[in-house]
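Here the structure is laid out as structure tokens; the discussion comes afterwards.
Readers should treat all values here as calculations from the given coordinates under stated rules, not as data from a laboratory. Note that the structure is predicted; figures quoted are calculated from it, not measured. Cβ atoms come from the backbone with ideal geometry, glycine included; neighbour counts cover every protein chain shown.
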Amino acid sequence: MFYYTKYNSPIGKLTIASDENNIIGLWIEGQKYFGSTILNQMTLTEDIYILNKTKKWLERYFKGEKTSSFELPIKPIGGEFRKIIWGILREIPYGEVITYGEIAKKVVKIQNKERMSAQAVGGAVGHNPISIIIPCHRVIGAKGDLTGYAGGIEIKKTLLEFEKNKIILGV
């Protein structure tokens with residue numbers, strides 16, 4: 001059974017989903033692919049420990065505290081390739097960014113392939129079912145441009161500003 005709760009954040013209403021033990025989804029209201037990995041009905045609740053722990057994590061994050069996705073148990077639903085990409089995203093340090101091309105190079109090593117397109121990486125990044133916690137907002141274009149965020153570029157910019165990202169702040 002899947003459960004969810006709502007959280008009012010500075011970037012809008014968030015929906016947090018859980019299988020009771022792990023976070024399986026976190027979506028910004030109105031974002032592309034909202035809830036697309038959850039095929040079963042979810043039950044609204046305020047009584048699941050991990051959902052409440054995630055709200056506390058989000059409170060800290062939006063106060064500008066340095067957080068890590070490894071503080072929370074997550075279990076994103078998706079294929080093997082996407083899970084590899086999402087694992088790489090989790091390793092991006094708070095306040096830092098990485099390009100789609102750099103992620104592609106990491107995937108090449110992991111999968112022992114000759115090459116990987118940044119576009120394939122972009123597709124997996126865009127379908128991240130656990131926004132903010134799996135920090136897909138930290139992925140930028142090759143020239144440092146803010147591209148491709150399911151929640152919208154303005155929200156991506158805002159999230160990077162919360163993290164006091166030097167590229168976004170022009171420092």
Pair Asp47, Lys66: separation of 7 Å Cα→Cβ label points (nm): 3.9
Under 5 Å, built H, 5+ apart or other chain: amide partners of Ile140: Ile98, Thr99, Tyr100
Of the GluC sites (Glu not before Pro) in segment 88-134, those whose Cβ has at most 14 other Cβ within 10 Å and which sit in DSSP loop: Glu91, Glu96, Glu114
Gly25 long-range amide H proximity, modeled H, under 5 Å: Ala17
Span-rule helices in the chain, defined as complete DSSP H runs reaching 24 Å or more along the axis (Cα) with Kyte mean at least -1.0: none
Relative contact order of the chain, pairs being alpha-carbon contacts under 8 Å that are 6 or more residues apart, as %: 23
Prolate/oblate/rounded call for segment 1-137, Cα gyration tensor, a/c under 1.5 rounded: prolate
Glu20/Lys164 FRET efficiency (R0 30 Å; Cβ-Cβ; nearest 0.05): 0.30
